[in-house]
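Working notes for the structure below.
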Amino acid sequence: MATAVALAATACGPQKTEPVAASSVSSSPTAGSSPEASPSTDDKPGEASASPSASASASASASASPSPSSSSSPSPSVKQIMANGDESEQVRELQARLRQLKLMSVAPTGFYGSKTTAAVKSFQSKHGLNGTGSVDEATWKKIQSDSKKPTADELRPATVNEVAAPDPRCMQGRVMCISKESRTLAWMINGKVVSTMDVRFGSENTPTREGVFDVGWKAKEWTSTIYHTPMPYAMFFSGGQAVHFSADFAARGYNGASHGCVNVRDKGKLSALFDQVQVGDKVVVYW
């Protein structure tokens, strides 16, 4: 019986050989959708966690929306405008302010990509400003007046994705509350969020099961005997499906999927969670 359980529990691993496609990001054709229905960050093109589509759209936006600074040189006393392709702490502040205004739902990255361009363009449209998608002085002053100075947590939040409202089944006891919609895990005790982290799920062909489960057993070090991939800090909740750290997720972000497990990319956070979670604690996986 113990052997059977062990074999069943090793059925998880990253799907490294599948081509990157919408169906390989989640447990259903729409499971990979973030609140903006595209990759979770404004990553620089070419980075491991950036999506090809994000890079392509960022490139397209860069050619479609050239920086106004290319036609005129601003005075040294005037702040440089921000535009697609820029990277700075000022861009990070811009993104945090846009997030306050509900125009961006993902965490600031400091890189001005297609998501930031779209958010700025939306803001400009709402306020009668020139809708270039680039930040000129008038746009920046209006954004500053309509928002507040971001806190350190707003500039560098705990998760890339905005944490979803907890499912009602998560509000009592000790629960790993896992949202497929926001792609986040919230560790909750008696309705209070203790910690949060980004997660990804299985593909359409190997979906992560939804429902209410219990942590059946834990293994700090575990390797899948089927896929021969490490599964550190594994907490098994449904047959072979477990919450565990994934080096593949840490490297490739959402350009991949598990074979049904709940992957975590922040090893430090998961290590701390592993020490707190007990066998028998509840796991809720929901949309």
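The values are calculated or read from the model by the stated rules, or taken from the named source; none is laboratory data. These numbers were taken from a predicted model, which means no experiment stands behind them. FYI the Cβ positions are ideal-geometry reconstructions off the backbone, even for glycines, and counts take in every protein chain you see. Side chains included, ligands, DNA and RNA excluded: accessible areas come from the protein's heavy atoms. Shrake-Rupley method; radii C 1.70, N 1.55, O 1.52, S 1.80 Å.
Please work out which one of (1) over 30 Å from Leu101 (Cα atoms); (2) open to solvent by 70 Å² or more (accessible area, probe 1.4 Å); (3) part of a loop (DSSP other than H, G, I, E, B) is the condition Pro207 fails and give its number.
(2)
Which residue out of Ala138, Ala119 is crowded, with 17+ Cβ neighbours inside 10 Å, small (Gly, Ala, Ser) and in contact with a Leu (Cβ under 8 Å, 6 or more places away or on another chain)? Give the steps one after another, and end with the answer.
On the way: Ala138 fails: crowded, with 17+ Cβ neighbours inside 10 Å.
Checking each option against the conditions leaves just Ala119.
Would you be able to tell me the number of residues in segment 83-95 that are out of contact with any Phe, Trp or Tyr (no Cβ under 6 Å at 6 or more places or on another chain) and either crowded, with 23+ Cβ neighbours inside 10 Å or modelled with pLDDT under 85 (or both)?
3
I want to confirm something. Restricting to segment 150-171 and keeping residues that are part of a loop (DSSP other than H, G, I, E, B) and free of Cβ contacts under 8 Å to residues at least 12 places away in the same chain, which single residue is farthest from the chain's Cα centre (by Cα)? Even if it seems obvious, please write down each step before you answer.
Quick first cut of segment 150-171, residues part of a loop (DSSP other than H, G, I, E, B) only: 150-151, 156-160, 162-167, 171.
Filter again for free of Cβ contacts under 8 Å to residues at least 12 places away in the same chain, leaving 151, 165.
Working: Thr151: 20, Ala165: 15 Å.
The qualifying residue farthest from the chain's Cα centre (by Cα) is Thr151.
Among (1) under 29 Å from Arg156 (Cα atoms); (2) open to solvent by less than 10 Å² (accessible area, probe 1.4 Å); (3) of a type outside the set (S, T, N, Q), where does Val215 come up short?
It is condition (1) that Val215 fails.
For segment 194-214: of the residues being at pLDDT 95 or above and more than 18 Å from the chain's Cα centre (by Cα), which is nearest to Ser246 (Cα to Cα)?
Per the criteria, the residue is Pro207.
Using beta carbons and a limit of 7 Å, which pairs, at least six apart or on different chains, have the first residue in segment 91-105 and farther than 17 Å from Lys121 by Cβ and touching a residue at least 12 places away in the same chain (Cβ under 8 Å) and the second one basic (Lys, Arg) and open to solvent by 10 Å² or more (accessible area, probe 1.4 Å)?
Final answer for the pair search is Gln100/Lys148.
Just name the residue that is least open to solvent (accessible area, probe 1.4 Å) out of those in segment 246-271 that are part of a helix (DSSP H, G or I) and either acidic (Asp, Glu) or out of contact with any strand residue (DSSP E or B) (no Cβ under 6 Å at 6 or more places or on another chain) (or both).
Asp248
Which one is least open to solvent (accessible area, probe 1.4 Å) among residues in segment 272-286 that are farther than 13 Å from Ile178 by Cβ and aliphatic (A, V, I, L, M)?
Ranking the candidates gives Ala272 first.
Go through (1) among the small types (Gly, Ala, Ser); (2) in contact (Cβ under 8 Å) with a residue 12 or more places away in the chain; (3) open to solvent by 20 Å² or more (accessible area, probe 1.4 Å); (4) over 24 Å from Thr196 (Cα atoms) one by one and return the number of the condition Ser125 breaks.
(2)
Restricting attention to segment 229-245, does a residue exist that is within 22 Å of Val106 (Cα to Cα), of a type in the set (Phe, Trp, Tyr) and open to solvent by 10 Å² or more (accessible area, probe 1.4 Å)? Step through it out loud before you land on a result.
In the first step, residues of segment 229-245 are kept if they are within 22 Å of Val106 (Cα to Cα); the result is 245.
In the following step, the residues that additionally are of a type in the set (Phe, Trp, Tyr) were identified as 245.
Adding the requirement that they be open to solvent by 10 Å² or more (accessible area, probe 1.4 Å) leaves 245.
Scanning segment 229-245, I find at least one residue that is within 22 Å of Val106 (Cα to Cα), of a type in the set (Phe, Trp, Tyr) and open to solvent by 10 Å² or more (accessible area, probe 1.4 Å), so the answer is yes.
Which of (1) farther than 29 Å from His244 by Cα; (2) crowded, with 16+ Cβ neighbours inside 10 Å does Lys102 not meet, given it meets every other one?
Lys102 satisfies all of (1) farther than 29 Å from His244 by Cα; (2) crowded, with 16+ Cβ neighbours inside 10 Å except (2).
Out of all the residues in segment 218-228, which are more than 26 Å from Gly173 (Cβ to Cβ), touching a residue at least 40 places away in the same chain (Cβ under 8 Å) and surrounded by fewer than 19 Cβ atoms within 10 Å (Cβ to Cβ)?
Thr223, Thr225, Ile226, Tyr227, His228
Restricting attention to segment 175-204, report how many residues are among the small types (Gly, Ala, Ser), touching a helix residue (DSSP H, G or I) at 6+ places or on another chain (Cβ under 9 Å), in a strand (DSSP E or B) and buried (at least 23 other Cβ atoms within 10 Å of the Cβ).
Of the residues in segment 175-204, 1 are among the small types (Gly, Ala, Ser), touching a helix residue (DSSP H, G or I) at 6+ places or on another chain (Cβ under 9 Å), in a strand (DSSP E or B) and buried (at least 23 other Cβ atoms within 10 Å of the Cβ).
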